[in-house]
């Protein structure tokens, strides 16, 4: 029996040596390596700047705080996501507005987005599910049509002039839509480099932006490091150690240890994408005759980051799916569910969300299963997964 992990990190001797070099350098926290990694992320995403933090969650929240969004404001997102997409809204005191997915879709219903926008709406957080970018052209079309009711609260909101698009792109680093790379489309884009992601820094994330306001990087740096006007590296100059605290900020900076891993991972990233595509095509070919719905079929692979291999078990329910997960584990195959919609969780139920109000999201969830997909898998591993999956499915 094989043992197929779901999403282990792809770490080589090069990443290990990069960490060792930082450990021997005498400088471990935010420093030259982090600045280098930020520049490389910005170049990859076709943006002027990027800032690295300790998680995609921190990136999303600091962007919301940068926009001055808080009590009395509303932010739209989807119930079909990980909790972080909504939790960051609540952290700032703003009110989350959940928009159901479209029918047979993992993306928000675009018509319902239109109807959910009012004078209180300050931002929308679309979620790029599984590595596929949302229809941002449609989102911008809706927001521009509604811009006449928008009233910006600070200079950045006023510069944007409409509801801000803050993309939760935790799954989509490296993905494209109509030839545009993730990060170059939304007003702000937050990436995750968690251990299970296509590119990992162990923990971490990056935020990029496409707005013309000055000093965005400086303001985000202040937010993410205690409102301190100098980082630790800058303070090391004995002739220029003096610094100020201009407001009580947060502690979200990325370390040079993590950045060193990210620099090597980014160098290997094209290989990661090619390997994932190869494996997904094998999956698609082996499973094409099953009574399932393959999310990332061959028609969209060229622009996907292929973070997850998501399928729906047509005609099946939660009990069948859950039992299938158990039976696959008995064959040494790790599977997962992406995602349990937010209104099914205790906190969000108590907050006032009712799953009955999001029937499309529930229908997507009830028969969804995610098969293992990672760059440590061999072609033989995919054959093994598919062979056992088909036996258990039928």
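The values are calculated or read from the model by the stated rules, or taken from the named source; none is laboratory data. Source: prediction; values computed, not measured. Glycine gets a Cβ as well: all are built from the backbone with ideal geometry, and neighbour counts include every protein chain shown.
Below is a table of values for the structure above.
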| read-out | value |
| --- | --- |
| Matching entry among 71, 44 (being out of contact with any strand residue (DSSP E or B) (no Cβ under 8 Å at 6 or more places or on another chain) and not assigned by TED's automatic domain parsing to the domain that holds residue 383) | 71 |
| Answer residue from the range 87-125, given it is in contact with a helix residue (DSSP H, G or I) (Cβ under 6 Å, 6 or more places away or on another chain) and under 14 Å from residue 166 (Cα atoms) and is surrounded by the fewest Cβ atoms within 10 Å (Cβ to Cβ) among those | 96 |
| Considering residues of the range 213-231 that are in a loop (DSSP other than H, G, I, E, B) and in contact with a helix residue (DSSP H, G or I) (Cβ under 8 Å, 6 or more places away or on another chain) only, the residue nearest to residue 304 (Cα to Cα) | 213 |
| Any hit, the range 291-300, residues being over 27 Å from the mean Cα position of the chain (by Cα) and either crowded, with 17+ Cβ neighbours inside 10 Å or assigned by TED's automatic domain parsing to the domain that holds residue 364 (or both) | yes |
| Failed criterion for residue 52 (all others in (1) outside any loop (DSSP other than H, G, I, E, B); (2) surrounded by 19 or more Cβ atoms within 10 Å (Cβ to Cβ); (3) out of contact with any helix residue (DSSP H, G or I) (no Cβ under 6 Å at 6 or more places or on another chain) hold) | (3) |
| Conditions (1) in a helix (DSSP H, G or I); (2) in contact with a helix residue (DSSP H, G or I) (Cβ under 8 Å, 6 or more places away or on another chain): number failed by residue 234 | (2) |
| Meets criteria (touching a residue at least 60 places away in the same chain (Cβ under 8 Å), assigned by TED's automatic domain parsing to the domain that holds residue 223 and over 30 Å from residue 273 (Cβ atoms)) for residue 152 | no |
| Residue within the range 354-366 that is surrounded by 17 or more Cβ atoms within 10 Å (Cβ to Cβ) and farther than 18 Å from residue 104 by Cβ present | no |
| Among (1) under 19 Å from residue 263 (Cβ atoms); (2) under 16 Å from the mean Cα position of the chain (by Cα); (3) in a loop (DSSP other than H, G, I, E, B), the one test that residue 47 misses | (2) |
| Criterion (modelled with pLDDT under 90, under 19 Å from residue 36 (Cα atoms) and buried (at least 18 other Cβ atoms within 10 Å of the Cβ)) met by exactly one of 231, 256 | 231 |
| Residues satisfying the stated conditions in the range 188-212, i.e. part of a loop (DSSP other than H, G, I, E, B) and more than 16 Å from residue 85 (Cα to Cα) | 195, 196, 197, 198, 199, 200, 201, 202, 203, 210, 211, 212 |
| Some residue of the range 271-294 being within 15 Å of residue 130 (Cβ to Cβ) and either assigned to a loop (DSSP other than H, G, I, E, B) or at pLDDT below 95 (or both) | no |
| Meets criteria (without any contact (Cβ under 8 Å) to a residue 24 or more places away in the chain and surrounded by fewer than 20 Cβ atoms within 10 Å (Cβ to Cβ)) for residue 40 | no |
